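Here is the structure we will look at.
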Amino acid sequence: MITENQFDMVFDCQQVFKALMNALARPGKIFSISENAEKIGEKNAPLIAAGLTLLDNWKKFFVCDAPQLQEKLHEMSYGQPGTVAEADYIFMPKESTSLSVCRQILSQAKIGTLAEPHKSAAVFVMTDSLEGGEERELSGPGIDGMIRITLPDEGRMWIEERQKMEFEFPCGLELYFVTPQGDLMGVPRKTRIGGVSKWDM
């Protein structure tokens, strides 16, 4: 339910959209949509805030193993639920972030085409924290040299598994990591992570 401090479909969506764009423009940097998400007063509020900002009746979305969240997003945004392969936006609540599910989602999601790379999906992954894990380096567009992050395993595996797929530029998937408190990190499609994946060990 929306709280008394109503989530404004213009003002708050503008703020969330700006944070989402800034997160992709500055990979690995942590932004916040906590003030906007607090107005929603629901479990997975940051995911709902992102959905309200990005979805409309022309967009398809997929929610993994959370039918109540799917229904809320449909009712509140008029976005159309679809399969992973159809979805413009994919929402992964905390309980859905296993390695096997990660691989399944990444293998089925839209990556666009050489002619239309924009027809790809963005994946929103809920994780307890954006810090506290093993230190790793990100490099690529939007990063001057390298940036160090400490994203925990449950988030980092998404970057590593996506990297293994070696999508041909400019195809690929955008990744967003969001905490229940509304902290936000973006990792664009061509951002690479250094080091050896623990999932290969």
>> Filter segment 127-163 down to the residues that are under 14 Å from Glu174 (Cα atoms), over 14 Å from the mean Cα position of the chain (by Cα) and free of Cβ contacts under 8 Å to residues at least 40 places away in the same chain and list them by number.
In response: Glu160, Gln163
> With (1) touching a Pro at 6+ places or on another chain (Cβ under 8 Å); (2) of a type outside the set (S, T, N, Q); (3) farther than 21 Å from Lys43 by Cβ; (4) not in a loop (DSSP other than H, G, I, E, B) as the list, and Leu184 as the residue in question, which single condition is left unmet?
Replying inline: (3)
> Residues of segment 127-140 being assigned to a loop (DSSP other than H, G, I, E, B) and of a type in the set (A, V, I, L, M), which ones?
Replying inline: Leu130
> among the charged types (D, E, K, R), out of contact with any strand residue (DSSP E or B) (no Cβ under 9 Å at 6 or more places or on another chain) and open to solvent by 30 Å² or more (accessible area, probe 1.4 Å) - does that describe any residue in segment 179-190?
Replying inline: yes
>> Anything in segment 4-46 that is touching a Pro at 6+ places or on another chain (Cβ under 7 Å) and among the aliphatic types (A, V, I, L, M)? List them, or say none.
In response: Leu24, Ile33, Ala37
> Of the residues Leu73, Leu52, which is more than 19 Å from Trp158 (Cβ to Cβ) and in contact with a Cys (Cβ under 7 Å, 6 or more places away or on another chain)?
Replying inline: Leu52
> Given Pro141, Pro152, Pro180, Pro188, which one is more than 17 Å from Phe61 (Cα to Cα) and either of a type in the set (S, T, N, Q) or modelled with pLDDT under 95 (or both)?
Replying inline: Pro141
> Taking the condition hydrophobic (A, V, I, L, M, F, W, C) and open to solvent by 40 Å² or more (accessible area, probe 1.4 Å), does Met165 pass?
Replying inline: yes
> When segment 141-159 is examined, which residues are found to be of a type in the set (Val, Ile, Thr), closer than 27 Å to Ser98 by Cβ and not in a strand (DSSP E or B)?
Replying inline: Thr150, Ile159
>> Out of the residues in segment 1-33 meeting the condition of being assigned to a loop (DSSP other than H, G, I, E, B) and of a type in the set (Lys, Arg), tell me which one is farthest from Glu174 (Cα to Cα).
In response: Lys29
> In segment 63-73, is there at least one residue being touching a helix residue (DSSP H, G or I) at 6+ places or on another chain (Cβ under 9 Å), crowded, with 20+ Cβ neighbours inside 10 Å and closer than 17 Å to Ser120 by Cα?
Replying inline: yes
> Can you name the residue in segment 118-162 that is among the hydroxyl-bearing types (Ser, Thr, Tyr) and open to solvent by 30 Å² or more (accessible area, probe 1.4 Å) and, of all such residues, is nearest to Leu52 (Cα to Cα)?
Replying inline: Ser129
>> Just to verify a result, which residue in segment 29-50, among those that are without any contact (Cβ under 8 Å) to a residue 60 or more places away in the chain and over 13 Å from Thr179 (Cα atoms), is surrounded by the most Cβ atoms within 10 Å (Cβ to Cβ)?
In response: Ile40
>> Tally up the residues in segment 51-61 that are open to solvent by less than 40 Å² (accessible area, probe 1.4 Å) and aromatic (Phe, Trp, Tyr), please.
In response: 1
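The values are calculated or read from the model by the stated rules, or taken from the named source; none is laboratory data. As the structure is a prediction and not an experimental result, all values here were calculated from the model. Neighbour counts run over all protein chains shown; Cβ positions are idealised from the backbone, glycine included. Just so you know, the surface numbers come from the protein's heavy atoms only, side chains and all, with ligands and any DNA or RNA stripped out. Shrake-Rupley method; radii C 1.70, N 1.55, O 1.52, S 1.80 Å.
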